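In what follows, a single structure is set out as structure tokens and then discussed.
FYI, it's all coordinate maths here, none of it is from the lab. Note that the coordinates shown come from a computational prediction; the quantities given were computed from them, not determined experimentally. Methodologically, a virtual Cβ is constructed for each residue, glycine included, from the backbone with ideal geometry; neighbour enumeration extends over all protein chains shown.
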Amino acid sequence: MLRIVLFITFFFNQVSFAADRDFSRSIITDPSISRRCDALIETRNHKLGYKQKIQALLKRCERLLKMAPPEKRTLVKKLKQTRDHLDQELQLAVDKLQNQEEDIIRKGCPGISL
């Protein structure tokens, strides 16, 4: 009698373990989710690179403004306009990047870390 109970317990433990393993495998390897998430993450990475380029240009513009002599009013004016335009572009890039990150979270990409 004890052997039968042990056999049944062992059998049900093995079946439940196999079911858990199959369930976790199906979640992780779903190709449609992974392709969609890969595309969203790639788009986010492009937007992040664009944001970093704008920040580098803004830093360069600030350095040029410090180096520009005050007598060259036209140059200083153009550099200030460029800085203002870059500030607007940076704000737009930050907003788009935040929207992209929210979209990734809404789509439910598993294992994503932002």
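What to note about this one:
- Computed from the C-beta positions of residue 64 and residue 41, the FRET efficiency with R₀ = 35 Å rounds to 0.50.
- Proxy reagent accessibility, fewest Cβ within 10 Å first, across 42, 62, 71: 71, 42, 62
- Neighbourhood net charge (13 Å Cβ-Cβ; Lys/Arg +1, Asp/Glu -1) for residue 89: +2
- Filter on 66/96; 47/78; 72/96; 51/80 - keep pairs with C-alpha separation over 25 Å: 66/96; 47/78; 72/96
- Residues 43, 74, ranked from the fewest to the most other C-beta atoms within 10 Å, line up as 74, 43.
- Working from Cα pairs under 8 Å separated by at least six residues, relative contact order for segment 37-109 is 50 percent.
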